[in-house]
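S.K.: Below is one structure. I have some questions about it.
The numbers here are math on the coordinates, done by the rules we state, and not lab data. Owing to the predicted nature of the structure, the values given are computational and were not obtained by experimental measurement. For neighbour counting, all protein chains shown are included, and Cβ atoms are generated from backbone atoms with ideal geometry for every residue, glycine included.
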Amino acid sequence: MRGLNLVLVPLIALALWQGLVWATGVPPFILPGPVRVAQALAGNAAMLAEQARFTLANLAMGMTAGIVLGVATAINLALSPAARWLMRPMLVAAQAVPVFALAPVLTLWLGYGAPSKVVMVALMVYFPVASVLFDALMRPPPALADLARAMGARPWRDLVLIRLPHALPALGSGLRLAAVQAPFAVIVGEWVGSSRGLGHLMLMANGRGQTDLMFAALALLAAMGLALFALAGAVQRLTERGRG
């Protein structure tokens with residue numbers, strides 16, 4: 001039933017969208033129907049695929065870097081009181097600054113190529129992963145934590161055997177949150193400054209009045225986001241199953 005809903009709901013939404021376009025007679029340069037968007041996808045498949053590869057590569061590299069750094073930071077903070085004293089206030093202060101506001105600065109420092117987009121995505125992913133995992137690592141099951149202290153377990157053994165296994169589902173939740181935010185980060189980075197990618201293509205199509213092409217690029221970006229969210233959901237289910 002759930003799989004059927006995943007097919008029916010998008011089809012109904014597309015039908016309503018097309019019906020709205022037909023009923024209102026809205027000009028295509030304002031709101032193209034899904035038929036025109038599908039035609040733009042088919043007619044510009046090679047160009048869209050090339051731009052999508054650039055965006056997807058930046059997305060994958062940025063998410064990988066953000067996850068690795070986030071996990072490393074959370075583990076370091078959980079193991080070291082000194083690190084918590086030094087780094088946690090900085091993390092809290094850094095989260096108060098909208099990551100999107102850093103896009104012009106990153107473009108100025110790193111240029112219009114891939115590095116500024118990768119760093120943008122990494123920063124967007126890093127904070128939720130580090131925060132969620134650290135909070136989970138600091139809240140192990142009380143009974144097991146008391147047993148570890150009573151048996152004099154070393155911090156690393158306590159982390160590996162008790163804290164980390166029970167924190168993995170929380171890491172899955174952080175990954176799902178990161179999967180939602182990462183596509184926005186990469187597209188904003190491409191809007192601010194880029195000569196390639198789906199974001200750049202959307203700006204160019206908008207300036208030329210090719211709204212159907214702009215929607216086609218947006219559809220590809222949405223597909224990437226849904227795929228990442230589904231992958232993160234699968235990882236979360238695996239971690240929950242492993243803990244159970």
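S.K.: Evaluate E = 1/(1 + (r/R0)^6) for Leu31 and Tyr112, where r is the Cβ-Cβ distance and R0 equals 30 Å; express this FRET efficiency to the nearest 0.05.
M.R.: 0.45
S.K.: Working from Cα positions, state the angle (0 to 90°, nearest 10) between the long axis of helix 2-24 and the longest principal axis of the chain.
M.R.: Once rounded, one gets 40 degrees.
S.K.: Helix 211-243: angle to the longest alpha-carbon principal axis of the chain, degrees 0 to 90, nearest 10?
M.R.: The angle comes out at about 20 degrees.
S.K.: Starting from the Cα of Ile12, step 7 Å along the direction of its Cβ; do the same at Leu86; then give the gap between the two resulting points in nm.
M.R.: 5.6 nm
S.K.: At R0 = 25 Å, how high is the FRET efficiency between Arg53 and Ala234 if r is their beta carbon distance? Nearest 0.05 is fine.
M.R.: About 0.60, to the nearest 0.05.
S.K.: Follow-up question, since we're still on this one. Can you work out the base-10 log of I(q)/I(0) for the chain at q = 0.08, 0.15 1/Å, using the Debye formula on its C-alpha atoms alone?
M.R.: So the normalised log intensities are -0.41, -1.06.
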